[in-house]
Amino acid sequence: MTNTYIRNATWVLDGKQYDFCLGQDSETACELNGFQLPGIERIAPAGELEIPAGAPRVHDATGKILMPALFDMHASIEIEGRSKRECVSRAGQAAIAGGVWGMLVIPTPGFCFDNAATLDSFHDAVTQRSAAEMLTAGCISQGMKGEQQALYNTLAARGVSILSDGANPPSNLLMLHRAMKYASEIGMTFALRGDVPALTANTCIQPGVTSYNLGLHGTVPCAEEIGIDTALRLAADAGAKVHVQTVSTAKGVDIIRRAKAAGQQVTAEVALHHLLFTHENIGDYDTTYKTLPPLRDTTDCEALLAGVKDGTIDCIVSDHTPCTPFAKKQDFTTAPQGMIGLDTFLQAIYTYLIKPGKLSWEDVVRTCCINPVNIANPIDLEEDVPSAAPLLLFDPESSFEVGADNLPCGTLNTPFLGTTLYGSITLPLQ
Amino acid sequence: MKPRKDLLTIGDLSTEDVNTILDSATAMKDIFTKSVKKVPALKGKSVLTLFYEPSTRTRSSFEVAAHRLSADVTTFTVSTSSVVKGESVHDTIDTLMSMKMDYIIVRHKNSGIPAVIARHCKAAVINAGDGAHAHPSQAFLDAFTIREKYGTVAGKRVVIIGDILHSRVARSTSTILKRLGAEVAYMGPGPLVPPQAYTDIPRFTNWDDVFEWKPDVIYLLRVQNERIDTPFFPAKDYHQAFGVTDERLRRIDDLNLSIMHPGPVNRGVELCDAAMDYRNSLICNQVENGIAARMSILYHLTPQTQNND
């Protein structure tokens, strides 16, 4: 084996150009700007690294950015009608295509991580089929029914450190409060979406002019805010850590900001689509834009972006939710919620947030690389050591039109379909 | 009027299209007084009525309209079909299109379903009411009725009273009336008149303000109990607060105002009994004009099911 060399790559955090030599030992690591670079044996300013004449693997990375690959805190990988192995395989390919090395898989009815057997068979499938790392969020309640606590010690023994009941957080607050008291003692974090089901039943869109004109029932934002506030108060009382999932409203951001200021152990995420789109994108019943929670107003997008920049929101997530073309062809009320996000994750972030100057590369590294890993704490179960993010090369000059050929997850429910995104990704580096 | 396959909302039509359909409705209504109430305009064409929600007047109105145009009419009964076995709308339409239907008249509780069907098939699709979204044929018959009564819609003032939130009639009828130059206002219980409904429409909260506005037409909406799972207001308050009581009827009569209602009427809720026999009630005119308006709509649509020879 010979070393791989990368010349003139721009390091994402300082904007300077360096030459890198990739080691052959997986435990090799160098440090740059206080950041551990796994797999890198040597670093030198551009042009100063001695590269052996005739070295067979030398990448000229002029104009390209070297950065840690992304970790996605929120992906649902189930595809209706497909085998679990295929779902795992496709999600893994999708992640790599979008610059994501690892993800937290959120329970869904087909991937109900409330017992050892389901987790074991899932981990087998990941080992055999997935190109990306997949951590699992264990269920809060058995069968995600919100009635009885899942087997937390069993889940913990299989590496689970985050609990979630997916799209439907428990409405039985007594059960949740007791679960928090118990599971927080074995280091569990509760990932919860803000919701009050009684207020949001049979709704599918942000209330406003669009919902009125389309004759659709609106999901009042206060339901999410009451849900977040309730979860935080329960967690504060029970001494549990909370990760607020897919916050979508400006007041939701404020609630989290106040809780952090008061010293509560809380982290939060925002889905990329809530930063980019509003309910007005739904237009004439475009089910691509039906999400959970629904797309909100421009003022919410702005508040969420401000929350990302000031650290109130820790992570940007894909909230990847594959839906079959037929499912999304149905009417807006019947069609399932969600859009895919893994396949184009980094390219969309670059095109819509970094390129227009709304976020910096530092913001993205913090919210998509560093914070998610710190919260999810991925562990190599075989070696019992923390898994480290690999590096990727990002070419901001190249562009592509999004189509079925570059959506390996196998479904097409993305708002970027047919649009041009910027950036090509080399992951893994070899 | 340019060839048009479907009628899904009033907003899809130009003002010229609206006037063309209304003008033809006048001609269609003349047929009603002939000894043979039938013309061969749609002879040989197949019309399907596909109603996923209960309906008496809209369905029978469309069926009578299609018969008077000499079309063959098939009635699809949802309660005895594969729909109750969980069949998707797409699969139902595929099955029905295999029977070579030219027109599909559809009503569904979910907003947007007619658009889904229209995209999926070559038949002309007419929205006969989808959720709280649209009811364009009702809008045409309402506009036609006002035009017939007053000679014009332009300049008339129409106050629509009741459950604006859930009403596809309010959305479609206010759109067509404003398009034709009428002024529209809303009144109803707060939770049923959402702010986004009256961004460009006056909203009243009591009858005194309504009368002060000097309307020409009082348009009552039905309280749609079937769409209300958790109450929006104390039901027993409705008649006194928003209904046409005997006392208000006298005032309406004094001012020579017209009363309209899309039906079916909840007697004692929206209207007192006496209001049903009020001299300026246009409710029966609406039913009769519904057939003429629907004949005109059918006449002006162009299915893509065959060479339109």
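Averaged per residue, the protein assembly as shown has 40 square angstrom of accessible surface, using a 1.4 angstrom probe with ligands and nucleic acids left out. Would you work out if chain B is rounded, prolate or oblate? Take a ≥ b ≥ c from the square roots of the eigenvalues of the alpha-carbon gyration tensor; rounded if a/c is under 1.5, else prolate when a/b is larger than b/c, oblate otherwise. It comes out prolate by the Cα gyration axes. In this label model, B:Tyr150 and A:Arg57 are separated by 8.1 nm, measuring between points 7 Å along each Cα→Cβ vector. A straight Cα-to-Cα reach below 27 Å connects B:Lys149 with the lysines B:Lys29, B:Lys34, B:Lys37, B:Lys38, B:Lys178, B:Lys214, residues fewer than 8 places away in its own chain not being considered. At a Cα cut-off below 27 Å, give the lysines reachable from A:Lys260, other chains included and same-chain residues fewer than 8 away excluded. Cα-Cα hits under 27 Å: A:Lys181, A:Lys241, A:Lys251, A:Lys309, A:Lys358.
Within the shell of other residues whose beta carbon sits under 13 angstrom from the beta carbon of B:Leu42, the net charge comes to +2, with Lys and Arg scored +1 and Asp and Glu -1. Give the Debye-formula value of log10 I(q)/I(0) at each listed q (0.10, 0.13, 0.23, 0.25 Å⁻¹), with one equal scatterer per alpha carbon of the range A:349-430, two decimals each. Log10 I(q)/I(0), no solvent term: -0.35, -0.58, -1.21, -1.23.
May I ask you to list the GluC sites (Glu not before Pro) in the range A:1-45 that are in a DSSP loop and have at most 11 other Cβ atoms within 10 Å of their Cβ? Hits after loop and neighbour filter: A:Glu27.
What you get for the range A:70-386, charging only the Cβ of Lys and Arg (+1) and of Asp and Glu (-1), is a dipole of about 200 debye around the Cα centre. Here the contact order of the range B:136-283, divided by its residue count and restricted to Cα pairs under 8 Å and six or more residues apart, works out to 23 percent.
For the pair A:Glu302 and A:Ala404, label points projected 7 Å from Cα toward Cβ lie 4.1 nm apart. Round to a whole angstrom and tell me the spacing of the C-alpha centers of the range B:141-208 and the range A:156-209. Result: 43 Å between the Cα centres.
Extent along the principal axes, Cα only, for the range A:4-63: 32, 27, 16 Å, with the longest axis given first.
The angle between the Cα long axis of helix A:173-183 and the longest principal axis of the Cα atoms of chain A comes to about 40 degrees, rounded to the nearest 10.
Computed extension gain for B:Lys38 through B:Thr302, at 0.36 nm per residue and net of the alpha carbon distance, reaches 93.0 nm. Ranking A:Tyr18, B:Ile291, A:Pro197 by how far each Cα lies toward the positive end of the dipole of the protein assembly as shown (charges on Cβ) leaves B:Ile291 at the top. Across all C-alpha atoms in the protein assembly as shown, the radius of gyration and Dmax reach 30.8, 104 Å.
When only C-alpha pairs under 8 Å and at least 6 residues apart count, what is the relative contact order of chain A, in percent? Relative contact order here is 17 percent. Based on alpha carbons, the Rg and Dmax found for the range A:70-386 are 18.2, 57 Å. Straight-line reach only, C-alpha to C-alpha below 18 angstrom: list the lysines that A:Lys84 could link to, leaving out same-chain residues fewer than 8 apart. Result set, ordered by chain and number: empty.
Counting only alpha carbon atoms, the long axis of helix A:298-310 and the longest principal axis of chain A meet at about 50°. Around the Cα centre of the range B:136-283, unit charges on the Cβ atoms of Lys, Arg, Asp and Glu (plus for the first two, minus for the last two) sum to a dipole of about 440 debye. Calculated over the range A:3-130, the projected area of the Cα convex hull averaged across directions stands at 10.0 nm². Temperature 20 °C, viscosity 1.002 mPa s: under these conditions the Stokes-Einstein estimate for the range A:156-204, based on its Kirkwood radius over C-alpha pairs, is 177 µm² per second. Structure remark: mean-square fluctuation, Gaussian network model of chain A, C-alpha springs under 10 Å; the largest value among A:Ile313, A:Ile96, A:Ile51 belongs to A:Ile51. Taking every C-alpha pair closer than 8 Å and separated by at least 6 residues, the mean separation divided by the residue count of chain B gives a relative contact order of 22 percent.
Note on chain B: with a GNM built from Cα contacts shorter than 10 Å, the maximum mean-square fluctuation among B:Arg168, B:Arg222, B:Arg279 falls on B:Arg279. Taking the empirical scaling 2.2 N^0.38 Å for compact globular proteins as reference, the range A:132-268 has a Cα radius of gyration ratio of 1.10.
Here is how the number arises for chain A: DSSP H runs of 4 or more residues each give -39500 (n - 2.57), the sum is divided by the residue count, and the result at 222 nm is -8000 deg cm²/dmol. If one computes the Cα centroid of the range A:381-430 and of the range B:250-266, what distance in Å separates the two points? Their Cα centres are 64 Å away from one another.
Spin-label model, B:Ile228/B:Val78: points 7 Å from Cα along the beta carbon direction are separated by 2.2 nm. Share of carbon and sulfur in the accessible area of the protein assembly as shown stands at 48%, probe radius 1.4 Å.
Scanning residues 5 or more positions from A:Arg57 or on other chains, those with amide H under 5 Å from its amide H are A:Tyr5, with H placed 1.01 Å from N in the peptide plane. When the Gaussian network model of chain A links Cα atoms closer than 10 Å, the mean-square fluctuations of A:Phe394, A:Phe345, A:Phe277 top out at A:Phe277. Against chain A, whose longest principal axis comes from its Cα atoms, helix A:221-238 is set at around 80 degrees.
Here the protein assembly as shown is treated with +1 on each Lys and Arg Cβ and -1 on each Asp and Glu Cβ, and its dipole about the Cα centre works out to around 2760 debye. In sequence order, the range B:192-208 has phi-based couplings of 9, 10, x, x, 5, 6, 10, 5, 10, 9, x, 10, 10, 10, 8, 5, 4 Hz under the Karplus curve 6.51 cos²θ - 1.76 cosθ + 1.60, θ = phi - 60°, and Gly or Pro positions carry x.
The values are calculated or read from the model by the stated rules, or taken from the named source; none is laboratory data. Owing to the predicted nature of the structure, the values given are computational and were not obtained by experimental measurement. Cβ: placed from backbone, ideal geometry, glycine included. Neighbour counts: every protein chain shown. Keep in mind that these areas ignore ligands, DNA and RNA; they rest on the heavy atoms of the full protein, side chains included. Shrake-Rupley method; radii C 1.70, N 1.55, O 1.52, S 1.80 Å.
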